[in-house]
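First comes the structure, then the notes that go with it.
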Amino acid sequence: MARSTRTIGKPETVSMHVTVRGIAEAAGVSIGSVSSVLNNRHIERRISAETVEKVKAAAARLGYLPNIGARRLRSGLGAKPTVILALITSFEAPLSLVNHFVTGLREVSLEPGGPLGGVSTMLLIEMFAAGRLRDLPGLLSGDHFNAAIITNTTMEDDAFLAAHPLPYPAVLVNRRIAGFASVVEDSDSGARAAEILAGMKRRRLAVLHGSPLTQITKMRIESFMRAAKELTDTPAKEIVASQLSEGAAADAMTRFFDSGGKIDGLYTVTDGKALGAYHAIRQAGLSIPDDIAVIGVGDYDISKFFDPPLSCVGVPHSELGRSAARLLLQRLRRSDLAVNRVELGFEQHLRASTGHSATVRRGRARVR
């Protein structure tokens, strides 16, 4: 019975420095055979199954990784200039939000005048742990990508960016940092949420958020707390989840109810927090909106499918993504553009979670 030479388990190392010659020596076959197998041309060149198995086992054992840049040059793809656009976001950000920025880049690239003339583009998604943006490879050198949209950074990450100018065009999302172009939402979206709840005669208001805070969530909270105090003569309560997840939001709300907390209006700084709050409110035997009216921010496409549908105030990430993509491409075409900021007016979607029939109101964008 023939014995397989495949090595099971992790490679000794993973490296782009493993050569075709090295694999050939390890497998005991010719360099041509190795090249055919690695380029998936072994069938047309009639390489035996035994040789294919030897090559794959040796490549796995040595930790071989293909040199994509070299392959592009050999294939002729490298003859056309390529601009690599990076979407830089944290691991903690919901993937549904990240997808809005990917979609936004694609939509803008298909608009008239969208593509960069004579240049192909590639999209690279780079992710970092919240608060550790400084550890991202190539961030300061510019040798991994040519331009970037940066989003979902913490206050610590923002401080790092403020102290380290980047050597390529970059657009920040919902961050105001001197020297950077940015797309931001109206800073009074939290205040508008307080106005809606106060207009419903709700007087015991609260805001639910997670940790760590970002620049935009801090602004939402501050504007809500300020407006709530002015409109109800009572300070709003602050309910803090230990993390940014829906589960953490549900746990925070449950602890609040278990400690005797009582509210009749709730603002959540993301729609994910609202989903967690829905669960805790129902577990406490309360109803939405009769006992507690709930307003989210407008990040999720599924908000209108909540039970009951969630009222939202804020700028959808789909619009943030499109606006950031347009601004980034403008800066790539014109490197001499002055640093500017696009401020998007918030959208207001009132639904059943605040006792409304579906209504929409949109603000206007401003460029500064």
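When you count, for each residue, the other Cβ atoms within 10 Å and take the mean per peptide, how do 186-194, 51-59 rank with the highest first?
Details: 186-194: 24.0, 51-59: 20.6.
The peptides rank, most packed first, as 186-194, 51-59.
Among the trypsin sites (Lys or Arg not before Pro) within region 288-339, which fall in a DSSP loop and have no more than 14 other Cβ atoms within 10 Å of their own Cβ? It would help to have the intermediate numbers written out before the result.
Numbers: sites: LYS304, ARG322, ARG326, ARG331, ARG333, ARG334; in loops: ARG334.
Here the sparse-neighbourhood loop sites are ARG334.
Using mean Cβ contacts within 10 Å as the protection proxy, how do 288-301, 253-266 order, highest first? Intermediate values should be presented prior to the final figure.
Values: 288-301: 22.4, 253-266: 17.6.
Result, highest mean Cβ count within 10 Å first: 288-301, 253-266.
For the cross-link pairs LYS237/LYS304; LYS229/LYS304; LYS229/LYS262, which exceed 23 Å when the distance is taken from alpha carbon to alpha carbon? Don't jump to the answer; show the numbers that get you there.
On the way: LYS237/LYS304 26 Å; LYS229/LYS304 29 Å; LYS229/LYS262 17 Å.
From the list (LYS237/LYS304; LYS229/LYS304; LYS229/LYS262), the Cα-Cα distance tops 23 Å for LYS237/LYS304; LYS229/LYS304.
Taking a ≥ b ≥ c as the square roots of the Cα gyration tensor eigenvalues, with a/c under 1.5 meaning rounded and otherwise prolate when a/b beats b/c, else oblate, which class fits region 218-275? Show your work: numbers first, answer last.
On the way: a/c = 2.40, a/b = 1.36, b/c = 1.76.
Oblate is the answer for region 218-275, as a/c is 1.5 or above yet b/c matches or exceeds a/b.
Which aspartates and glutamates have a Cα less than 13 Å from the Cα of LYS201, not counting those fewer than 8 places away in the same chain?
Those aspartates and glutamates meeting the cut-off are ASP233, ASP264, ASP290, ASP291.
At 1.306 mPa s and 10 °C, plugging the Kirkwood radius over alpha-carbon pairs of region 226-368 into Stokes-Einstein gives what diffusion coefficient in µm²/s?
Numbers: Rh = 16.8 Å.
It comes out at roughly 94 µm²/s.
Each value in this text was obtained by applying a stated rule to the coordinates, not by laboratory testing. Quick caveat: nothing in here was measured; it's all calculated off a predicted structure. Quick reminder, even Gly has a Cβ in these numbers, built from the backbone with ideal geometry, and neighbours come from all protein chains shown.
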